[in-house]
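Throughout, read-outs are computed from the coordinates displayed, never taken from laboratory work. Just so it is clear, the structure is predicted and the values come from calculations on it, not from any experiment. Virtual Cβ from ideal backbone geometry, glycine too; neighbours counted across all protein chains shown.
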């Protein structure tokens, strides 16, 4: 549970720090690069969340299946 919280928090902190670069540099050349990095990190964060949800669902289904299985 702590690992999931840390992953989510770290992703949000990275995205917020990249967004803040837009306002810090205020350059016509740096802002588009920062926006590109933000979009990339947001997409990566979404893929990580989907992967974690898939693994959690798969493991839960396996463990529940083993728990209700009749033993020979």
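Worth a mention:
- Unique match (being assigned to a loop (DSSP other than H, G, I, E, B) and over 11 Å from the mean Cα position of the chain (by Cα)) among 17, 27: 27
- Boolean, residue 71 is outside any helix (DSSP H, G or I) and free of Cβ contacts under 8 Å to residues at least 40 places away in the same chain: yes
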